[in-house]
Amino acid sequence: MNRRPSFVVLSRGVFVPMAMACVTTVCVALGLLHEAARVVRRAEDVRAKVDRLAEEIVAEAATMEAAATGSASSASQVGDREVRVVRSVGGWTTSVASGGGPPRWFGFNLVPGAANPAFGSACTVTRPDLKDWLREARCVATHELPRLAPDALAAAMVVDRSDLCAQDPGLALATWSVGTEGMDYVFLRAAGDVLANGGLVCVPGHLWIPPSAEPWTVRLARDVVVAVRGNLYVGGSVRVLGEGRLVFYVEPPPGSCAYGDRNGDGLWSAGDRLVADGGNFHGPLEGGGSAFLGLPGIHRAIQCDAGLVVHGELHLRAPATVAGPLVLGGGVTQNSADGRIVASGARHFLPEREVVPGMQVAGEPRPGRLRELDRNQPGMRQQALYQAAPSR
Amino acid sequence: MKPIATQNGERIVAMSLMAVVTLGAFWVRDAAAAAEMAAATRERQVARLQQVRDGQRTSCGDLGAFSDLFDGQQIAWERGSVGPYLVLRSGHQGGE
């Protein structure tokens, strides 16, 4: 019997069914194996994420309990996880070992208390009528607004003694008919290097962000609060790069008052409305403690990565988006039909676990945000939250 | 092209093999899709819970919805003197 071998795929240009079936089976089996492996890998990835999250939750809870009880060290078992907390000089170090594996190390800096809850919200207002403008806003009493800590203010870097800002009355004269009566400051080119160190900076007058097509950009490794004891005039966008966050804190200096500049001339005039009820206008004609998003003659949307704490009036002359916390102690005056604002809250704080430089805190000292330490370098367990800034 | 394997037995074996492989492929595809969906759901839950911890969400509804994540351990808020934090507990306890 002269029969052709079946396991020949092509034999003189023709297919053999059995061979084709085998080849197809192998191909499909390989495909199935690949798919199964992919699904298993994905499930493993998710499982690892869940485990990491659980370890972080367990570490945080154990540290909070140790902080509340004031114990110098503690050990506990949560499920199959062994948790150890040790109090150190600047905070707490916590290890979590799961199933006999190597422990993960976490560090918690000591923070002196909770920051104002307004720093954790996209928008906080004191006037209920502002919810027409900012629907997601929290409404609080005036005494609940964030305030500077007096000791921090006394120790703050003042721009008169730094290379952060320079006086520049030209911008005010170019914007308002008679300029301003107070000191006008603009950031210097090297301001980014100064601000990168973080902390509280005090501007003893009006601060101007000049109009520009390009955003004023600063790279921050640490959080910065710029306290403006005057008005804040924002002519262009503000871009913040890096992990740090920027907050402009605007309040009226002694001897001046905030008002809503309804006719948009930059000066106190008939029809303007004081922010504080029952007082008389006094001080410089431009007032103090107010913020102006958009300037006359500039038709450009403003993207502000910084937060704004405004104890006076917020004036809107351009469509603006504020990514940091927006806190309004006064009202909102719309100086043009385009003037509107969106508080995205994208760069907010975690008030229970983070301090906002220079701002008052409340409650007991506590662990700050959890950060993971490099388990292979025990010396790193005491590392600072941020890398040291380069010397200037 | 014309088939040259004409014996019926060989055809039956080939067709059976193909049928089994096809059924297996459908089964694995369905199982993979179900596993993928479960993984995606868990991943979304992890992301939501992480957002709650990071303060990006002030509320995530009932924390009991996350109990599946942690092998029966219940997650709940604890509010101590040093602020609120999440805890994992064995058994069934409510959350916010």
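Roughly to the nearest percent, how much of the accessible area of the protein assembly as shown is carbon and sulfur, given a 1.4 Å probe?
About 56 percent, which is the carbon plus sulfur part of the accessible surface.
Between helix A:17-69 and chain A, what is the angle of the helix's C-alpha long axis to the longest principal axis, kept within 0 to 90° and rounded to the nearest 10?
It works out to around 40 degrees.
Can you compute 3J(HN,Hα) from phi for each residue in the stretch A:333-348, using the Karplus curve 6.51 cos²θ - 1.76 cosθ + 1.60 with θ = phi - 60°, rounded to whole Hz and x for Gly and Pro?
In residue order, the calculated couplings are 10, 9, 8, 7, 5, 6, x, 8, 9, 10, 9, 7, x, 5, 10, 8 Hz.
Answer with one residue from A:Val250, A:Ile302, A:Gly260: the one whose Cα lies farthest towards the positive end of the charge dipole of the stretch A:243-307, charges on Cβ with Lys, Arg +1 and Asp, Glu -1.
Towards the positive end, the residue furthest out is A:Ile302.
Got a sec to turn the phi values of the stretch A:114-123 into Karplus ³J(HN,Hα) couplings, 6.51 cos²θ - 1.76 cosθ + 1.60 with θ = phi - 60°, whole Hz, x for Gly and Pro?
Those phi angles translate into 8, 6, 4, x, 4, 6, x, 10, 5, 8 Hz.
Just to check I understand the Karplus step: with θ = phi - 60° and J = 6.51 cos²θ - 1.76 cosθ + 1.60, what whole-Hz values come out for the stretch A:212-219, glycine and proline as x?
7, 5, 8, x, 6, 10, 9, 9
So who's got an amide H within less than 5 Å of the one on A:Leu285, skipping anything under 5 residues away but keeping other chains? H placed 1.01 Å off N, in plane.
The list, which skips near neighbours in sequence, is A:Glu181.
With a cut-off of 15 Å, note down the residues of the stretch A:82-116 whose backbone N falls inside the zone around a label point 7 Å from the Cα of A:Ser76 toward its beta carbon.
The answer is A:82-87, A:93-97.
Report the accessible surface area buried between chains A and B, summing both sides, using a 1.4 Å probe on protein heavy atoms only, in Å² rounded to the nearest 100.
Counting protein atoms only, the buried area is about 4000 Å².
Hey, got the average number of other protein chain Cβ atoms within 10 angstrom for residues in B:66-76?
Per residue, the average neighbour count from other chains is 3.
So, with +1 on the Cβ of K and R and -1 on the Cβ of D and E, and no other charges, what is the size of the charge dipole of the protein assembly as shown about its Cα centre, to the nearest 20 debye?
About 2140 debye.
Enter the accessible area of A:Lys49 (Å², nearest 10), with the probe set to 1.4 Å and all protein chains included.
Accessible area, nearest 10 Å²: 90 Å².
Which whole number gives the average count of other chain Cβ atoms within 10 Å of the Cβ atoms across peptide A:112-119?
Counting other chains' Cβ atoms within 10 Å and averaging over A:112-119 gives 1.
To the nearest 10 square angstrom, what accessible area does A:Ser76 show with a 1.4 Å probe?
50
Roughly what % antiparallel, to the nearest 5, for the DSSP beta bridges in chain A?
40
Quick query: amide H of A:Gly329 versus all other amide H atoms, modeled in the peptide plane; which residues come in under 5 Å with a sequence gap of 5 or more or a different chain?
For A:Gly329, whose amide H was placed from the backbone, the distant partners under 5 Å are A:Val310, A:His311, A:Gly312.
Packing-wise, with mean Cβ within 10 Å as the measure, how do A:254-264, A:111-121, A:223-233 rank, highest first?
Values: A:254-264: 18.5, A:111-121: 21.3, A:223-233: 25.9.
Highest mean packing first, the order is A:223-233, A:111-121, A:254-264.
Taking DSSP loops as anything outside H, G, I, E and B, show the longest stretch in chain A free of GluC sites (Glu not before Pro) there with at most 13 other beta carbons within 10 Å.
Formally, the longest exposed-site-free interval is A:244-392.
Work from the charge dipole of the protein assembly as shown (Cβ charges, +1 for Lys and Arg, -1 for Asp and Glu, about the Cα centre) and give the residue of B:Tyr85, A:Leu293, A:Thr94 farthest towards its positive end.
A:Thr94
For A:Ile341, which sequence-distant residues (separation of 5 or more, or a different chain) have an amide H within less than 5 Å of its own amide H, given hydrogens modelled in the peptide plane?
Placed amide hydrogens put A:Ala320 under 5 Å from A:Ile341.
The values are calculated or read from the model by the stated rules, or taken from the named source; none is laboratory data. Computed from a predicted model, the values in this text were never measured in an experiment. Don't worry about glycine lacking a Cβ; one is built from the backbone with ideal geometry, like all the others, and counts go over all protein chains shown. These area figures cover heavy atoms from the full protein model, side chains too; ligands, DNA and RNA do not enter into them. Shrake-Rupley method; radii C 1.70, N 1.55, O 1.52, S 1.80 Å.
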